[in-house]
Amino acid sequence: TQLLEQSPQFLSIQEGENLTVYCNSSSVFSSLQWYRQEPGEGPVLLVTVVTGGEVKKLKRLTFQFGDARKDSSLHITAAQPGDTGLYLCAGEESGSARQLTFGSGTQLTVLP
Amino acid sequence: NAGVTQTPKFQVLKTGQSMTLQCAQDMNHNSMYWYRQDPGMGLRLIYYSASEGTTDKGEVPNGYNVSRLNKREFSLRLESAAPSQTSVYFCASSEWTENQPQHFGDGTRLSIL
């Protein structure tokens, strides 16, 4: 089983600040997905990145897949209280029978 | 559109009791998955079913069994519950093609006393 190290584990910031969450592995993934999870609910997909070096933007969220497809980052600009939640990265390996390896998550709290 | 439905939402068991967690999806997906989520450990795959009629072990299968009843339904059974199985269990479904998102239910919160 491949490991995905996600950091930081906890992040508490003030509204309007910027932040970056990192997801790193020593293994190569065919794709990297980012999910957001609210309390009492299941994870919901935010984005999938497939190509090394790919950058995708979703409003104030910017996702990047590393050139070697071993790492990814999520950057949030001008965070808002509504961004509060658990952010999870998940990697799919080629030939893995569609299994996802999840990072341990980053619990983000944005204070008003 | 309900998506992925899990029942029950909460359950408390005593050590040694058995229980089946139910999952159904209405998206006509081929693949279904069972995960457990523990604090600080993300989601870990217990079992998955690539298509109707097939099941395979994931990362942490010990103490669990699964049944793919039909294309819609995938159940998870604890034959003899142990305190280490206290967790939040999530069912998910997806298309069986590369890089497809998984759609999750809202989870079953299970406590084993």
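In summary, B:Thr54 fulfils each of the numbered conditions (1) touching a Lys or Arg at 6+ places or on another chain (Cβ under 8 Å); (2) more than 14 Å from every other protein chain (Cβ to nearest Cβ); (3) not in a strand (DSSP E or B) with the single exception of condition (2). The set of residues in the stretch A:63-86 being surrounded by fewer than 20 Cβ atoms within 10 Å (Cβ to Cβ) and more than 11 Å from A:Val49 (Cβ to Cβ) consists of A:Asp67, A:Ala68, A:Lys70, A:His75, A:Thr77, A:Ala78, A:Gln80, A:Pro81, A:Gly82, A:Asp83, A:Thr84, A:Leu86. Would you check which residues across the stretch B:87-113 are closer than 23 Å to A:Leu100 by Cβ and part of a loop (DSSP other than H, G, I, E, B) and list them? Of everything in the stretch B:87-113, those that are closer than 23 Å to A:Leu100 by Cβ and part of a loop (DSSP other than H, G, I, E, B) turn out to be B:Glu95, B:Trp96, B:Thr97, B:Glu98, B:Asn99, B:Gln100, B:Pro101, B:Gln102, B:Gly105, B:Asp106, B:Gly107.
Considering only residues that are of a type in the set (S, T, N, Q) and touching a strand residue (DSSP E or B) at 6+ places or on another chain (Cβ under 6 Å), which ones fall in the stretch A:81-98? Reasoning before the result, please.
Going residue by residue through the stretch A:81-98, those that are of a type in the set (S, T, N, Q) are A:84, A:94, A:96.
Across the stretch A:81-98, the qualifying residue is only A:Thr84.
Do we have B:Arg77 as touching a residue at least 12 places away in the same chain (Cβ under 8 Å), within 13 Å of the chain's Cα centre (by Cα) and either within 11 Å of chain A (Cβ to nearest Cβ) or part of a loop (DSSP other than H, G, I, E, B) (or both) here? In short, no.
Residue-level analysis places A:Arg69 among those that are at positive phi and touching a residue at least 24 places away in the same chain (Cβ under 8 Å). Counting only residues that are at the interface with chain B (Cβ under 8 Å from one of its Cβ atoms), of a type in the set (Gly, Ala, Ser) and in a loop (DSSP other than H, G, I, E, B), the stretch A:1-60 holds 3 of them.
Filtered by the rule that a residue be of a type in the set (Phe, Trp, Tyr) and surrounded by 13 or more Cβ atoms within 10 Å (Cβ to Cβ), the stretch A:1-46 gives A:Tyr22, A:Phe29, A:Trp34, A:Tyr35. With respect to (1) surrounded by 14 or more Cβ atoms within 10 Å (Cβ to Cβ); (2) under 24 Å from A:Gln33 (Cβ atoms), the lone exception for B:Asn28 is condition (1). Residue selection: A:Gly91 fails the criterion of being small (Gly, Ala, Ser) and either free of Cβ contacts under 8 Å to residues at least 60 places away in the same chain or touching an Asp or Glu at 6+ places or on another chain (Cβ under 6 Å) (or both).
When B:Ser31, B:Ser67, B:Ser93 are checked against the criterion of being away from chain A (no Cβ under 12 Å) and in contact with a strand residue (DSSP E or B) (Cβ under 7 Å, 6 or more places away or on another chain), B:Ser67 stands alone in meeting it. Number of residues in the stretch A:61-104 that are farther than 23 Å from A:Ile13 by Cα, at the interface with another protein chain (Cβ under 10 Å from one of its Cβ atoms) and in a strand (DSSP E or B) equals 5.
Computed from the coordinates by the stated procedures, all read-outs in this text should not be read as laboratory data. The structure displayed is predicted, hence computed values, not measured ones. Here the Cβ is made from the backbone with ideal geometry for all residues, glycine too, and neighbour counts use every protein chain on show.
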